[in-house]
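Read through the structure below, which is laid out as structure tokens, and then see the notes.
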Amino acid sequence: MSRKQNIRWIATAIACGVPLVVAACGGNSDSPVDPDTAADQRAASLVAQMTTDEKIGMVHGTGVPNQGLGGPFPTGVAGAGYIPGVPRLGIPGVAMADSSGGVNVANVGATALPSTLALAASWDPQLANAYGARTATELRALGYAEGLGGGVNLAREPRDGRTFEFMGEDPVLSGTLSAARTNGTQAEKVIATIKHFAMNDQETNRSTSNSIIDERTMRETELLAFEIGVKQGQPGSVMCSYNLVNGTHACENPYLLTTVLQNEWGFKGVVQSDWFANHSTVAAALAGLDEEEPGDLGSATINVPGLDVTSYFSSALKAAVTAGSVPMSRLNDMVQRKLRTMIRHGVFDSPPTPGGSIDQMAGNAFALQVAQQSAVLLKNATQSGAQQPVLPLNAPGLSSIVVIGGHADVGVLSGGGSGGVPAINGNAVTGCPQPSPLYTSCATWYKSAPLAAIAAKAPNAKVTYFDGTDANAAASAAAQADVAIVFATQWEQEGVDLTSLRLPDNTMDPSNQSYDQNALIAAVATTAKRVIVVLENGSPVLMPWAGNVHAVLEAWYPGVQGGQAIADLLFGDVNPSGKLPITFPQQDADLPQPVISATDMSVNYSEGLLMGYRWYDAKQIQPLFPFGFGLSYTTFSYSGMSASANRAGNVTVTFTIQNKGSLAGAEIAQVYATLPAGLGEPPKRLVGWQKVILQPGQSQLVGVSVPAMLLSTWDATNHVWKLNGGAYQMIAGTSSRDTNALTASVSLSSH
Ligand code: BGC
């Protein structure tokens, strides 16, 4: 053995751990063992040493620490779940916490980032990677080995109260960003979860509703997001969802868990149930569920009507294994998956411990960056008689600014439920509406006041605030001011859907909204010289006043630095670059599902492949703002497009983008494809994009690679992706409805 090989062997041995070194890692000591194989081997060795009781202890949680249910939990652990370790074998416990937009644990100083939907509006995989890394750093500092933050359910139903936790309506965008986020998290030695698998696209009757969907539709829409997320991100955990899919609960669904996830996608991690989403022992175990959460609550009781709090994976699973209805080999497989995941992602050899501190300056700086890059400028018109659009605001030219509504004097809104993040210094404003079944959560405004940030940008202007409750007073003040900035909010949370995309008023959300926001905006729009609306919301909102205001800035739930980011964008210190990851319709009636039924448990995906923009395109419905849309303070031109394909059907699209304006800016150039006629496909689908940052006048040649798989259709007869022969129209443009988009055709042969 050479010296180099020897060093490599020693490194492998160290990685494999003592005393399991040789037996566990096995193989030829001359050849390095790849980390996956090494993790598998070590896990197998541990499983071989475990008693049945120890194995059972690893496949279910012991309660909900943050609800004080079950336990005991280690000191300092207060997340959503906990699985104790096996000290005699050196197996550490795994504490897990929700982390959709930051660590959801109170009083620990976690950074509240902009929502996941906001992140999706950046279309930026690097930012998503950093977002995953940021949350992982904080999770680890607080003692959590697993983050439950990877929501990718598609916005089939934008009134879903969890829309803010997910990544919009397109499978490729969601899947790609999800994978980037997972990679960022797991690089920091925290296990990432992707959820909720699958077709858990609304909250109404979420535990009893049955998503009825055909195979091709699921594979080309929601499951494609998961497929990309799982294959490219290799998350350690996939969380199965509350709902049924085609008549079978997702957590005991062999098609989803075994056929697709494990057999087809080669998933080697852990299938974890959503909290109380498991309803069986044998069926779930045989279908592929590996971990029940929150598991066995012991003597603790929980009083939520309809919630199935039985633990099916503790004594019941032991009995089933003893009786042989669940083979020991299956229990071993569950434990093997858990251990290999812990080993592979570094939480076995380097388990996090609670009590660390969070670098809030770094957290705030990152939150600000995400908010700046995720806001979407939806409208920017020119005041009559003026030369320039109203935005960016020119501070020296302003002597009076009226800021109205949305609690802009104190903070910015966030979403609620397990995807919320408790405010560090207490909430600026708290409402407390109907609690969700598991989480008593209240609308939270973080203390990041847009009013103060706006005033700081324009020190010579008189800045006044009206809380919006008196529309006439606000409108009168707006009439006297150089500019009126109205803040509008839409709160949403887990467990409850919105009844409408209408901006909430005092009837729709009486706990958080004391006036009619649409009436306020309409009133201000009739008097103000210049009126700008800033939105803080989780789902799209309807804008009956859109034609009467000059500008609309979509800020989403912008996180703990939201006020600053909004001011930076309004005054042009940051040039907006976000693009909509979700269509904004003109009215509720334009949605594929007219209403969310409270009584019909069948959720029929009768729109088929027409998810999101595909629906509006196919039905020729003009959205208010289309998918992919977003303005900048500069303009970009596209030219010189070409498209070519290799023999495998992978397509490369190239074109040039030029910044035609006088400000630096970033453009998210999007590539869509129209598939050959006769395949039953929607008019177009997103197949790639690139974000380019350009100085004034600068041009850049952009190349977007489109893998053949993204041009394929699902063949439900043979259960495979199929690349169909024919002419493919590739479209490059600034949104899904860019009338100046470039096109180029490529011919592909069938595969
Ligand atoms: C949610 C999950 C969450 C879990 C643990 C459930 O109610 O659906 O997204 O991770 O609770 O808090």
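If you count only protein heavy atoms with a 1.4 Å probe, what accessible area per residue comes out for region 297-420, rounded to a whole Å²?
Working: 5010 Å² over 124 residues.
Counting only protein heavy atoms, the per-residue value for region 297-420 is 40 Å².
Which percent of the accessible area of the chain is formed by carbon and sulfur heavy atoms (probe 1.4 angstrom)?
In the chain, the share of accessible area belonging to carbon and sulfur is 51 percent.
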Leaving out ligands and nucleic acids, note down the accessible area per residue over region 548-648 with a 1.4 angstrom probe, in whole Å². 36
Given the whole protein assembly as supplied and a 1.4 Å probe, what does the accessible area of Arg737 come to in Å², nearest 10? 70
Just to make sure I understand: if all protein chains stay in place, what is the order of Asp34, Asp290 by accessible area at 1.4 Å, largest first? Asp34, Asp290
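Taking only DSSP H segments of four or more residues, each worth -39500 (n - 2.57), what value at 222 nm results for the chain once the sum is divided by all its residues, to the nearest 500 deg cm²/dmol? Please list the in-between numbers first.
Details: 18 runs with 191 residues, N = 751.
Per the formula, -7500 deg cm²/dmol.
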Modelled FRET efficiency - R0 51 Å, Thr259 with Gln695, Cβ distances, 0.05 increments: 0.50
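Taking 0.36 nm per intervening residue step and subtracting the Cα-Cα distance, what contour gain separates Ser350 from Ser500 on full extension? Mind dumping the intermediate values first?
Details: separation 150, 0.36 × 150 = 54.00 nm, distance 4.71 nm.
That pair, Ser350 and Ser500, stretches by 49.3 nm at full extension.
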Considering only protein heavy atoms, what is the solvent-accessible area of Met601 at a probe of 1.4 Å, reported in Å² to the nearest 10? 70
Could you order Thr652, Thr353 by accessible surface area, starting with the largest, using a probe radius of 1.4 Å? Thr353, Thr652
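What net charge is computed for the residues neighbouring Gln620, neighbours being all others with C-beta under 15 Å from the C-beta of Gln620, Lys and Arg scored +1, Asp and Glu -1? Display every interim value, and only then the final one.
Values: positive: Arg614, Lys619, Lys684, Arg737; negative: Asp590, Glu607, Asp617.
With Lys, Arg at +1 and Asp, Glu at -1, the net is +1.
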Per the 1/(1 + (r/R0)^6) rule, R0 = 30 Å and r from the Cβ atoms of Met328 and Ala618, FRET efficiency to 0.05 is 0.05
Spelling out what I want: for every residue of region 573-583, take phi, set θ = phi - 60°, compute 6.51 cos²θ - 1.76 cosθ + 1.60 (Karplus), and round to whole Hz; glycine and proline get x. 5, 10, 8, x, 9, x, 10, 5, x, 7, 6
Would you mind checking Lys195/Lys268; Lys231/Lys684; Lys379/Lys529; Lys231/Lys268; Lys195/Lys691; Lys379/Lys579 for any pair whose Cα atoms are more than 18 angstrom apart? Lys231/Lys684; Lys195/Lys691
Can you tally the net charge around Ala428? Count Lys and Arg as +1, Asp and Glu as -1, for every other residue whose Cβ sits under 14 Å from the Cβ of Ala428. -2
Testing the spin-label approximation: label points 7 Å from Cα along Cα→Cβ at Ser639 and Asn107. State their distance in nm. 6.3
On a full-extension model of 0.36 nm per residue, what is the gain between Ala664 and Ser606, subtracting their alpha-carbon distance, rounded to one decimal in nm? 16.4 nm
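Of all DSSP beta bridges in the chain, what percent run antiparallel (nearest 5)? Could the numbers behind the result be given before it?
On the way: 62 of 104 bridges.
Once the DSSP bridges in the chain are tallied, antiparallel ones form about 60 percent.
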At 1.4 Å probe size, what's the solvent-accessible area of Ser602? Round to the nearest 10 Å². 50
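Quote the FRET efficiency, to the nearest 0.05, computed for Leu307 versus Asp470 with a Förster distance R0 of 51 Å and r equal to the Cβ-Cβ distance. Spell out each step's value before the answer.
Numbers: r = 43 Å, r/R0 = 0.85.
For R0 = 51 Å, the calculated efficiency reads 0.75.
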Local electrostatic count, Asp333, Cβ distance below 13 Å [Lys/Arg +1, Asp/Glu -1]: +3
Residue by residue through region 192-198, the couplings from Karplus 6.51 cos²θ - 1.76 cosθ + 1.60 with θ = phi - 60°, in Hz, x for Gly and Pro, are 9, 10, 10, 8, 10, 8, 7
Run the numbers for His751 and Thr507: contour at 0.36 nm per residue of separation, minus the present Cα-Cα distance, in nm. 82.3 nm
Let me check against my output: what whole-number percent is the relative contact order of the chain, with C-alpha pairs under 8 Å and at least 6 apart? 13
Whole-Hz Karplus couplings 3J(HN,Hα) for region 83-92, θ = phi - 60° and coefficients 6.51, -1.76, 1.60, Gly and Pro as x, run 10, x, x, 10, x, 5, 9, x, 8, x
Order of exposure, largest accessible area first, which applies to Tyr672, Tyr312 with probe 1.4 Å: Tyr312, Tyr672
Listed peptides 417-423, 379-385 by packing density, highest first (mean Cβ within 10 Å): 417-423, 379-385
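The values are calculated or read from the model by the stated rules, or taken from the named source; none is laboratory data. Model, not experiment: these values are computed from the prediction. In this analysis, Cβ positions are derived from the backbone assuming ideal geometry, glycine residues included, and neighbour counts consider all displayed protein chains. Only protein heavy atoms, including side chains, enter the accessible area calculation; ligands, DNA and RNA are left aside. Shrake-Rupley method; radii C 1.70, N 1.55, O 1.52, S 1.80 Å.
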